[in-house]
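J.: The structure under discussion is supplied below as structure tokens; questions concerning it will follow.
FYI, it's all coordinate maths here, none of it is from the lab. The model shown is predicted, which means the values in this text are computed figures rather than measured ones. In this analysis, Cβ positions are derived from the backbone assuming ideal geometry, glycine residues included, and neighbour counts consider all displayed protein chains.
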Amino acid sequence: MVSATSSDPVDHAAAGLVGSAPAAVPSSVRHSVKILVVGGFGVGKTTLIGSVSEIAPLRTEEPMTTASVGVDDLERLENKTATTVAMDFGRITLSDQLVLYLFGTPGQQRFWPLWQGLATGALGALVLVDTRRLAASFSAIDQLEQHHPDLPLAVAVNQFPDSPTVDHDQLRQALDLQPGTPLTDCDARQRGSAAGSLISLVDHIYRPVPTAPSPR
């Protein structure tokens with residue numbers, strides 16, 4: 001997998017993603033980027049990958065059983081009947097030269113050892129956040145910062161119908177985000193909206209915000 005460089009073009013018009021892309025990667029593509037999609041249990045990772053993927057997404061969902069009672073927090077997730085147990089996989093072409101391969105991670109902490117393998121070769125991570133269940137997002141970000149501190153990340157707030165409105169400055173403070181970390185709102189069900197959050201991450205990977213020099 002070839003890493004993209006700062007000179008690679010990012011087609012912001014791709015946020016619309018009008019029409020269906022072919023199953024094969026266009027011959028003009030010169031760069032591919034592996035992206036993780038992470039977040040707490042039930043935050044919408046499988047939905048996001050399914051909505052943007054131009055190929056039939058690979059899913060490893062299994063029905064939830066009574067064994068999860070008392071283990072998985074189903075607050076605000078009363079209608080959830082299946083859960084990812086390994087990974088989700090999809091692909092999205094952002095421009096005629098750039099394609100993203102998306103790897104969605106399981107949300108429950110008992111599956112987090114899988115993150116280590118999925119993160120190999122990744123150039124960035126999109127963290128999905130549900131403001132109805134904000135505490136579940138803290139652990140996901142902590143996991144990334146602890147085990148993959150050099151991996152650039154962006155945060156996308158998945159807007160559910162009953163999501164409370166949270167000021168971005170307050171959300172940055174609550175999540176203890178580094179200055180310059182992209183923070184966007186999205187609807188994981190809508191292809192263009194979800195793609196916009198991925199584009200913000202790609203921009204961050206290509207053109208990271210310079211850090212302030214350490215005082216001497």
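J.: For a label point 7 angstrom out from the Cα of V25 toward its Cβ, which stretches of segment 40-60 have the backbone nitrogen within less than 15 Å?
T.: Hits in segment 40-60 for V25 at 15 Å: 54-55.
J.: Label points 7 Å out from Cα along the Cβ direction at R132 and Q97: separation in nm?
T.: 4.2 nm
J.: Normalise the Cα radius of gyration of segment 107-184 by 2.2 N^0.38 Å (N = residues in it) and let me know the number.
T.: Rg over 2.2 N^0.38 Å, computed on Cα atoms: 1.11.
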